[in-house]
Every structure is written in C-alpha cells, then in structure tokens.
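The values are calculated or read from the model by the stated rules, or taken from the named source; none is laboratory data. No experiment lies behind these values; they were computed from the predicted model shown. When we count neighbours, we look across all protein chains shown, and the Cβ atoms used for this are built from the backbone with ideal geometry, even at glycine. Heads up: the accessible areas ignore ligands, DNA and RNA and are worked out on the full protein's heavy atoms, side chains in. Shrake-Rupley method; radii C 1.70, N 1.55, O 1.52, S 1.80 Å.
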Amino acid sequence: TSSGHSEKLVLVTGCSSGIGLAVAARLAKDELRRFKVVATMRDLGKRGPLEKAAGDSLNKTLEIKQLDACCEASIKECVNSLPDRCVDVLVNNAGVGMIGPLECQSIAAMQELFDTNFFGLVRLLKELLPDMKRRQSGHIVVMSSVMGLQGLLFNDVYSASKFAVEGFCESLAVQAMKFNIKTTLVEPGPVVTEFERKVYEDAEKMDLSGTDEETAKIFREVYLPYSKKVFISLGQTPEEVAEQTVKVITAKEPPLRHQTNRLYMPMTALKHADPTGRLPLDTFYKMIFKHDVVFNATLGVLRILQRKAEKK
C-alpha cells in the first residue's frame, strides 16, 4: 500500500482457530487498513478456516506463517523472515487448556501446558523484546484469562499458568515502559470456541479412576453441568473478544489489564474486597455446593444484564 510505514505489523500466535483466528481476521479487515497481520500457527495443515475467514485480505493484509511457540528456532525463523525483523504489536494467544481432578492429571501434561501457555510467551519475548527496546516502541498484548485473576474449581493447572503469565507481564511492564513499550493483558471470561468444546469433550471422557468417588462425582455432576450453564449464559464469541482486542491495540493509552466480559467483574472484585481471601472462597463454595437456586438465579440476572448491555 502507499501508506508506507503507517501500517503496524501485528504478529498473532495460535491462529488456527478460536480467538487467534478471530483477532487475525479482524485486524486484517480493518477499514482504515492500519495493520499488516502475520498470523501464525504451529501446524500449517490447519490453515483452512483462517484462510476462509480472511477472505480477500489473504496475502494482502494477512500473511500466514508457521510458528511453534514451544520451539526457539521456529520463532527465530519466523521473526527473521519479517522486514527488518520489525514487530509493532505481538498478540500472544497460543494456549492449551486442561480441566479435571489433580490426581488424574500427569505431571508431563502439566509441564506441556506450561511450556505453551507460559514459556511460549517467554520465548517470544526473549526474541522480540531486544528489538522493541532498540526501536523504543512496541505493544505486547497477551491473551490471559479471568482465571489469571481468580482461580476456579478443577482449573488448577490452567489457572496456575495464567497466574504465571500475569505475574510475568506485571513485572516486565515496568521495565518495558522505560523503553516506551506498552503491555496489555486481555482477560476473557468464558468464550465459546472449538478450544473450549474440545477441553470439555475430553473432560467428559476423562478416566477418573485415579481420584476418589466423591471428587469424581463433584467433577461430573456438579462442575461440568455448571460450566455448561455458565458458558451458555455468560459466554462471549471469539469475535467479541477480537473486537475488544482491536480497541486495546488502537488505544492511545492501553491499559495493563482489560477484562472483556463485564459480567465477570463482580467475581474478580470479590478478591480485592477482602484481603483475607475468605469472601471469594466462601462465595464460590456456596455458589457451587450449597445454592443451586442462587446460582441459577444469578446466571439469569446476569443474562438479562448482558442483553441490556448488548442493546446499548
């Protein structure tokens, strides 16, 4: 395009489906043509849905490249292929999920999850940060989760990985600021994607013989049905999250944290309201184990609020 350097190069990871795909396609189709998108994925064999979503923008404002966040050589190769190795905005989105009782999960699977969710981000920043510092510009946008603010039953390891990401970014943001580099953690609540569907599908087939009967029952009969209800009533689409991610990228003063789902804010607010941690603990406990009626009513009220918010 004739606009020269006014276009920002945005590198997005984990673009084969879900939020990554939606963010890449949305940025590439920006009416003001502010972005050149490099949409990456570990397995280029899965590029079909993204190509379809990108439509006319494919090979114009959107280019698809291979990048495995778990492999330093793969990251280097991808970044080296970019003009002047220049990345204006990183959208770190590649991630894996895991739910279930702790006793049923292998340490190896947990380490794999951390290798993508946490170390994947670390590897990308080790590669990109020195250049951003030299240029004294850049924006690091990280797909975190409300579970990086508030742990959730049976999401112990996933939540831990998001807490790791949050602590890492919070620390790094101060240093980055000195070099005029912005940092934003985007924190969606439940998002209805293939990623989530797969996590739940696996959960329903999960071998629970490693745990006791009561825990297995809580997981199957309380947690899974609850989660389904939460997703149906509070779930956002990847497109909604993408829309808010674009707002964050284009903001003059982007926030360090942005929760995409306003309905989740009371949950995360509980934590700050009581430094002893009793309030959120009791609230979640009662919601899950004591008051089915309260839980369903709460979801009902939140659903009405959401519809009102959507009409505005």
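Segment 150-206 to segment 211-227: how many Å between their Cα centroids?
Going from one Cα centre to the other spans 23 Å.
Roughly what would the spin-label model give for Lys217 and Asn296, points 7 Å off Cα along C-beta, in nm?
Inter-label distance under the simple model: 2.1 nm.
Which of the listed residues, Phe231, Ile249, Phe289, is farthest toward the dipole's positive end in segment 202-300, when Lys, Arg count +1 and Asp, Glu count -1 at the beta-carbon?
Ile249
Tell me, in nm to one decimal, what length is gained between Cys71 and Glu239 on full extension, where the rule is 0.36 nm per residue of separation less the Cα-Cα distance? Numbers along the way, then the final one.
Values: separation 168, 0.36 × 168 = 60.48 nm, distance 2.85 nm.
Working it through step by step, the gained length comes to 57.6 nm.
Out of all Cα-Cα pairs in the chain, roughly what percent, to the nearest whole number, are more than 35 Å apart?
Working: 10347 of 48516 pairs.
So the pairs more than 35 Å apart make up 21 percent of the total in the chain.
Please compute, for the alpha-carbon atoms of segment 124-258, the extent along each of the three principal axes and give them in descending order in Å.
Its Cα atoms span 56, 29, 21 Å along the three principal axes.
With +1 assigned to the C-beta of every Lys and Arg and -1 to the C-beta of every Asp and Glu, and no other charges, what is the dipole magnitude of the chain about the Cα centre in debye, to the nearest 20?
On the way: 42 positive and 39 negative charges, 264 e Å.
For this selection, approximately 1260 debye.
In square angstrom, what is the accessible area per residue of segment 8-273 with a 1.4 angstrom probe?
Working: 12350 Å² over 266 residues.
In whole numbers, segment 8-273 has 46 Å² accessible per residue.
Collect residues whose amide H, placed 1.01 Å from N in the peptide plane, falls under 5 Å from the amide H of Lys8; neighbours closer than 5 in sequence don't count.
Phe35, Lys36
Expressed as a whole percentage, what fraction of the accessible surface of segment 8-273 belongs to carbon and sulfur atoms when a 1.4 Å probe is rolled over the protein heavy atoms?
56 percent
Relative contact order of segment 8-273: what whole-number percent is it, with Cα pairs under 8 angstrom and at least 6 residues apart?
21 percent
Mind ordering 244-253, 122-131 by average Cβ neighbours within 10 Å, highest first? Don't skip to the answer; put the middle values down first.
Numbers: 244-253: 15.4, 122-131: 17.9.
By packing density, highest mean first, the sequence is 122-131, 244-253.
In sequence order, what are the phi-derived ³J(HN,Hα) couplings for segment 177-191 according to the Karplus relation 6.51 cos²θ - 1.76 cosθ + 1.60 with θ = phi - 60°, rounded to whole Hz, with x for glycine and proline?
4, 4, 9, 6, 9, 9, 10, 9, 9, 8, 10, x, x, x, 10
Could you give the length gained on full extension between Val192 and Val122, defined as 0.36 nm per residue of separation minus the Cα-Cα distance, in nm? It would help to have the intermediate numbers written out before the result.
Details: separation 70, 0.36 × 70 = 25.20 nm, distance 2.68 nm.
Length difference between fully extended and current span is 22.5 nm.
Using Cα positions and a limit of under 26 Å, work out the lysines in reach of Lys198, with same-chain residues fewer than 8 apart set aside.
Leaving aside lysines fewer than 8 places away in the same chain, those within reach of Lys198 are Lys46, Lys52, Lys65, Lys162, Lys217, Lys228, Lys229.
Tell me which residues come under 5 Å, amide H to amide H, from Leu67 once H is placed; ignore anything under 5 positions away on its chain.
Amide H to amide H, under 5 Å and 5 or more residues apart or across chains, Leu67 pairs with Met41, Arg42.
Between Lys46 and Lys247, how high is the FRET efficiency from 1/(1 + (r/R0)^6) when r is the Cβ-Cβ distance and R₀ = 30 Å? Nearest 0.05.
Details: r = 28 Å, r/R0 = 0.92.
About 0.60, to the nearest 0.05.
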